[in-house]
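The values are calculated or read from the model by the stated rules, or taken from the named source; none is laboratory data. What you see is a predicted model, and the numbers here were worked out from it, not measured in a lab. Neighbour counts are summed over all protein chains in view; Cβ atoms, including those assigned to glycine, are modelled from backbone coordinates with ideal geometry.
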Amino acid sequence: MNYFPVGTLVKLNVEELSIYAVIVGYCPQNEHGEQMDYVGINYPFGVMDNNSFLFFNESGIGEVIQEGYKGEEYEKFVFAFKQIMDSKA
């Protein structure tokens, strides 16, 4: 899996709708207890209430509009995170 950095703006595959999300976290559980790949917030609205969070998998990303910042901390995080996720598989 390709882990996009926090702050990445993506267009989601949602039938005929144009829904954009900014990635704010990884591996959350949605309201049904299912583990998803990402949690995001709607762009351009941001967080308006507790129902503002969008849960989606990598397969639900139609297009990456703008990738978030990839610094040294991000590279260290992704390396460790991939090891943890691989050990769970």
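Annotation: L12 fulfils all but one of (1) modelled with pLDDT of 95 or more; (2) in contact with a helix residue (DSSP H, G or I) (Cβ under 7 Å, 6 or more places away or on another chain); (3) surrounded by fewer than 16 Cβ atoms within 10 Å (Cβ to Cβ); the unmet one is (3).
Only one of the numbered conditions (1) within 17 Å of K11 (Cα to Cα); (2) modelled with pLDDT of 95 or more is not met by Y69, and that is (1). Checking each residue in segment 13-48 for being touching a residue at least 24 places away in the same chain (Cβ under 8 Å), closer than 16 Å to V64 by Cβ and among the polar types (S, T, N, Q) picks out only N13. When I23, I19, I41 are screened for being assigned to a strand (DSSP E or B) and more than 29 Å from K88 (Cα to Cα), only I19 passes.
Does segment 38-47 contain at least one residue that is under 14 Å from M1 (Cα atoms) and modelled with pLDDT of 95 or more? Checked against the condition, which is being under 14 Å from M1 (Cα atoms) and modelled with pLDDT of 95 or more, segment 38-47 yields at least one hit.
Scan segment 32-51 for residues that are within 23 Å of E15 (Cβ to Cβ), more than 14 Å from the chain's Cα centre (by Cα) and not aliphatic (A, V, I, L, M) and the total you get is 5. Count of segment 29-67 residues, restricted to those that are under 18 Å from K82 (Cα atoms) and surrounded by 16 or more Cβ atoms within 10 Å (Cβ to Cβ), is 4.
Do we find a residue being on the phi < 0 side of the Ramachandran plot, assigned to a helix (DSSP H, G or I) and in contact with a Phe, Trp or Tyr (Cβ under 7 Å, 6 or more places away or on another chain) anywhere in segment 70-80? Scanning segment 70-80, I find at least one residue that is on the phi < 0 side of the Ramachandran plot, assigned to a helix (DSSP H, G or I) and in contact with a Phe, Trp or Tyr (Cβ under 7 Å, 6 or more places away or on another chain), so the answer is yes.
Residue count for segment 10-27, restricted to those that are closer than 30 Å to E72 by Cβ and more than 9 Å from the chain's Cα centre (by Cα): 3. For segment 55-89, the candidate set comprises residues that are among the charged types (D, E, K, R) and closer than 22 Å to Q29 by Cα; within that set, the residue that is nearest to the chain's Cα centre (by Cα) is E58.
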